[in-house]
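*Asks:* Shown below is the structure under consideration.
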Amino acid sequence: MDDFHALLHRVADITSQYRAGLAERRVIASSDVETLAAAVGGPLPAGPTDAAEVVDELAAAVQPGLVATAGTRFFGFVIGGALPAATAADMLATGWDAVAFNAATSPAAMAVEHAAGSWVKQLLGVPDGASVGFVTGAQAANTVGLSAARHHVLAQAGWDVERRGLIGAPAVRVLASQERHATVDRSLRLLGFGSDLVEAVDADGNGAIDVRHLETLLAQGEPDQPLIVCLQAGNVNTGACDDLRAACDLVHARGGWVHVDGAFGLWAAASPGLRHLVDGVELADSWGCDAHKWLNVPYDSAFAMVSRPDVHAAAMSYTAAYLVGSGVLPVGADFTAESSRRGRGFAVWAAIRELGASGVAELVDRCCALAGRFADSLAAQGFEIANDVVLNQVLVSFGDDERTDAVTAAVQQDGTCWMGGTTWRGRRFMRISVSNYGTTEQDVDRSVAAIVRLAAQV
Ligand SMILES: *Cc1c(COP(=O)(O)O)cnc(C)c1O
């Protein structure tokens with residue numbers, strides 16, 4: 001046990017030193033996949049190795065391959081950092097090896113998921129009666145939410161999809177924004193809805209749904225046809241949020257189900273100043289939202305929420321003779337596609353306990369203000385900002401596509417900060433996402449200085 005104690009201390013040392021070093025190291029990895037693969041590869045170990053030696057060997061071999069995604073100047077994709085309490089709680093979850101399956105395997109995990117789920121719903125403006133499944137990411141959350149949608153709209157048409165499948169089922173209409181996230185298509189595909197089935201709803205200049213086009217499309221269908229509409233809070237390029245209230249009203253008037261992909265944008269609800277962006281969020285039927293993006297919980301962590309727990313469970317749960325009911329609280333595995341799961345609730349609980357409602361609001365507001373600072377500073381240097389910066393996402397052009405890509409590549413190589421490239425409305429842009437709890441004005445100014453310096457050289 002002394003050895004184990006020393007081993008975990010060693011891991012705490014490695015982790016905290018790594019985190020402390022993020023402030024000054026280059027953001028990109030200093031090694032490439034081939035070199036790293038050679039360092040960790042080699043023949044299958046023929047026999048045992050001392051645990052401390054294993055950990056030291058692993059850390060030494062792979063740390064050059066780590067990208068500073070947890071640092072304060074990583075602005076690629078939409079990637080949050082990891083709050084101190086959330087990181088530590090996640091390490092506890094690992095140490096406990098808690099199995100978040102049901103109350104028999106872990107009353108602790110079930111109770112914490114219940115408490116954290118309740119807090120999450122309050123922060124996101126999701127009705128208190130909704131069920132919450134703790135899943136791996138918004139991809140999984142979209143799959144679960146759309147499974148509930150599929151169950152409900154087909155049950156309304158007298159079809160038990162869990163029992164009979166989709167062969168011979170009434171045709172389901174699926175509408176989603178032309179600006180939907182690619183994970184929505186994969187979720188639909190896994191549920192037996194091919195990509196050709198999706199009717200694309202037009203989006204406005206900033207990527208939010210065109211509600212009048214939605215209305216036109218809805219009017220074209222059969223009145224009683226099973227209907228699923230997927231909306232979005234937080235366009236991955238621009239941050240734009242669909243008009244949830246207007247869209248939900250239209251879809252519900254036709255008896256349809258609304259799923260909201262709010263991977264990061266739903267967190268606008270936690271800020272009194274930004275809540276208007278997701279006005280009407282409570283009207284939807286299911287929601288997907290990440291914890292690992294804007295809540296700054298370590299990877300991986302997200303929520304699949306459904307307004308009707310019975311529908312949620314009907315779509316996702318299974319029973320087997322050896323499984324006993326949980327009694328008071330719902331069984332975590334009834335709301336996810338996994339059976340045995342990691343205790344993701346501990347880190348979520350810790351993040352919200354650490355920040356409180358005011359801290360979450362402040363985190364969201366600060367990231368948006370810093371995105372505005374990026375946009376203002378770069379515009380002042382004569383660079384084009386292509387989107388209306390409503391949230392934490394900024395699109396920058398440095399001229400034609402080739403030049404923009406060259407500047408983005410130069411910035412990535414420089415290592416002061418990291419931004420990705422994207423295509424928006426047929427043109428290439430540098431995409432900046434501010435999602436880390438620790439990012440400061442100094443981080444933004446230092447990053448802008450690097451971008452301006454490198455743009456002048458390209
Ligand atoms: C990131 C994102 C997803 C996918 O989330 P994962 O956490 O990577 O599974 C889905 N939708 C939107 C809008 C996103 O930003």
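*Asks:* For the range 2-68, count all C-alpha to C-alpha pairs, find those more than 15 Å apart, and express that count as a whole percent of the total. Please report the intermediate quantities before stating the final value.
*Replies:* Details: 1349 of 2211 pairs.
Cα-Cα pairs in the range 2-68 separated by more than 15 Å: 61 percent.
*Asks:* Given R₀ = 41 Å, what would the calculated FRET efficiency be for R163 paired with L8, taking r from the Cβ atoms and rounding to 0.05? Before the final figure, lay out each step's value.
*Replies:* On the way: r = 48 Å, r/R0 = 1.17.
Working from the Cβ atoms, E equals 0.30.
*Asks:* Measure of size requested: the Rg and Dmax of the range 272-323, with Cα atoms as the atom set and Å as the unit; please supply both.
*Replies:* 15.2, 50
*Asks:* Let me ask something else. Can you compute the charge dipole magnitude of the range 2-68 about its Cα centre, using +1 on each Lys and Arg Cβ and -1 on each Asp and Glu Cβ, nothing else charged? Give it in debye, rounded to the nearest 20. Walk me through the numbers on the way to the answer.
*Replies:* Numbers: 4 positive and 10 negative charges, 74 e Å.
In debye, rounded to 20, the range 2-68 gives about 360.
*Asks:* Is there a quick way to get the dipole size of the range 208-362? I mean about its Cα centre, with the Cβ of Lys and Arg at +1 and of Asp and Glu at -1; what is the value in debye to the nearest 20?
*Replies:* Value, rounded to 20: 460 debye.
*Asks:* Within the range 375-415, whose backbone N sits under 13 Å from a point 7 Å along Cα→Cβ of V452?
*Replies:* Hits in the range 375-415 for V452 at 13 Å: 375-383.
*Asks:* OK, next. Would you mind computing the Rg to Rh ratio of the range 355-422 from its alpha-carbon coordinates, Kirkwood style for Rh?
*Replies:* On the way: Rg = 14.0 Å, Rh = 13.3 Å.
Using only Cα positions, Rg/Rh for the range 355-422 is 1.06.
*Asks:* Over the alpha carbons of the chain, what is the largest minus smallest coordinate on each principal axis, giving the biggest first in Å?
*Replies:* Between the extreme Cα coordinates on each principal axis of the chain lie 61, 59, 45 Å.
*Asks:* Okay, moving on. What list of ³J(HN,Hα) couplings, whole Hz, do you get for the range 93-100 from phi and the Karplus terms 6.51, -1.76, 1.60, once you set θ to phi - 60° and write x for glycine and proline?
*Replies:* With coefficients 6.51, -1.76 and 1.60, one gets 4, 5, x, 6, 6, 5, 9, 7 Hz.
*Asks:* Then there is this: Show log10 I(q)/I(0) for the range 303-458 at q = 0.08, 0.09, 0.12 Å⁻¹, two decimals, from a solvent-free Debye sum over equal Cα scatterers.
*Replies:* -0.40, -0.49, -0.70
*Asks:* Tabulate in residue order the Karplus-calculated ³J(HN,Hα) for the range 262-275, using 6.51 cos²θ - 1.76 cosθ + 1.60 with θ = phi - 60°, rounded to whole Hz; enter x for Gly and Pro.
*Replies:* x, 2, 10, x, 4, 5, 4, 4, 7, 10, x, x, 10, 3
*Asks:* Which of the peptides 147-154, 222-229, 385-392, 207-214 is most tightly packed, and how do the rest follow, going by the mean number of other Cβ atoms within 10 Å of each residue? Before the final figure, lay out the partial values.
*Replies:* Details: 147-154: 25.0, 222-229: 19.0, 385-392: 22.6, 207-214: 20.9.
Top of the packing list down: 147-154, 385-392, 207-214, 222-229.
*Asks:* Report ³J(HN,Hα) in whole Hz for each residue of the range 32-41, in order, from the Karplus equation J = 6.51 cos²θ - 1.76 cosθ + 1.60 where θ = phi - 60°; Gly and Pro get x.
*Replies:* Per residue, the Karplus-derived 3J(HN,Hα) values read 10, 4, 5, 4, 5, 4, 5, 5, 9, x Hz.
*Asks:* May I pose another question? How big, on average over all directions, is the shadow cast by the Cα convex hull of the range 1-158, in nm²? List each step's numbers first, then the result.
*Replies:* Working: hull surface 59.3 nm².
Directional mean of the projected Cα hull area for the range 1-158 stands at 14.8 nm².
*Asks:* Fully extended, how many nm does the chain gain between H114 and A380 (0.36 nm per residue separation, minus their Cα-Cα distance)?
*Replies:* On the way: separation 266, 0.36 × 266 = 95.76 nm, distance 4.77 nm.
Extending this stretch completely gives an extra 91.0 nm.
*Asks:* What's the longest uninterrupted piece of the chain once you rule out the chymotrypsin sites (Phe, Trp or Tyr not before Pro) that are loop residues per DSSP with at most 13 other Cβ within 10 Å?
*Replies:* Maximal segment without exposed cleavage sites: 1-317.
*Asks:* Using alpha carbons only, how many angstrom separate the centre of the range 384-443 from the centre of the range 100-178?
*Replies:* Comparing the Cα centres of the range 384-443 and the range 100-178, I get a distance of 34 Å.
*Asks:* Here's another thing I want to ask about it. Could you calculate the contour length gain from S30 to V67, that is, 0.36 nm times the residue separation minus the distance between their Cα atoms, to one decimal place in nm?
*Replies:* Numbers: separation 37, 0.36 × 37 = 13.32 nm, distance 0.84 nm.
So the chain would gain 12.5 nm between S30 and V67.
*Asks:* Hey, with R₀ at 51 Å, roughly what FRET efficiency would D388 and L58 work out to, going by the Cβ-Cβ distance, to 0.05? The partial results should precede the final answer.
*Replies:* Details: r = 45 Å, r/R0 = 0.89.
Computed FRET efficiency for D388 and L58: 0.70.
*Asks:* Say R0 is 22 Å: what FRET efficiency, to the nearest 0.05, do Q225 and T319 get from their beta-carbon distance? Please list the in-between numbers first.
*Replies:* Numbers: r = 32 Å, r/R0 = 1.43.
Step by step, r from the Cβ atoms, then E = 0.10.
*Asks:* To the nearest 20 debye, what is the magnitude of the charge dipole of the chain about its Cα centre, counting +1 on the Cβ of each Lys and Arg and -1 on the Cβ of each Asp and Glu?
*Replies:* Dipole size: approximately 200 debye.
*Asks:* Sticking with this one: Can you tell me what the convex hull of the Cα atoms of the range 89-350 projects to on average, as an area in nm²? Provide the component values of the computation, followed by the final result.
*Replies:* Numbers: hull surface 54.1 nm².
Dividing the Cα hull surface by four gives the mean projection, 13.5 nm².
*Asks:* Relative to the compact-globule scaling 2.2 N^0.38 Å, provide the ratio for the alpha-carbon radius of gyration of the range 153-247.
*Replies:* So the Cα radius of gyration is 1.14 times the expected 2.2 N^0.38 Å.
*Asks:* Right, next: Below 8 Å, C-alpha to C-alpha, sequence gap of six or more: please give me the relative contact order for the chain in percent. Intermediate results must be reported in sequence, preceding the final value.
*Replies:* Values: 892 pairs, mean separation 102.7, N = 458.
After rounding, I find 22 percent.
*Asks:* Could you pull out every residue, at least 5 positions away or on a different chain, whose amide H is within less than 5 Å of the one on G421? Hs are placed 1.01 Å off N in the peptide plane, and Pro or chain starts have none.
*Replies:* R431
*Asks:* To the nearest 500 deg cm²/dmol, what mean residue ellipticity at 222 nm is calculated for the chain from DSSP H runs of n ≥ 4 alone, each contributing -39,500 (n - 2.57), summed and divided by the residues? Each step should come with its number before you reach the end.
*Replies:* Numbers: 14 runs with 198 residues, N = 458.
So the calculated ellipticity at 222 nm is -14000 deg cm²/dmol.
*Asks:* Okay, next question. What percentages, rounded to whole numbers, describe P(r) for the range 390-458 computed over all alpha carbon pairs with 5 Å bin width beginning at zero?
*Replies:* In whole percents, the pair-distance histogram is 3, 17, 28, 27, 16, 7, 1.
*Asks:* Taking the Cα of R186, stepping 7 Å toward and past its beta carbon, and measuring to each backbone N in the range 127-167: which are under 18 Å?
*Replies:* Once the point is set 7 Å along Cα→Cβ of R186, 135-147 turn out to lie under 18 Å by backbone N, inside the range 127-167.
Values quoted throughout were computed directly from the atomic coordinates according to the rules given, and no laboratory measurement underlies them. Owing to the predicted nature of the structure, the values given are computational and were not obtained by experimental measurement. Note: ideal-geometry Cβ built from the backbone for every residue, glycine included; neighbour counts use all protein chains shown.
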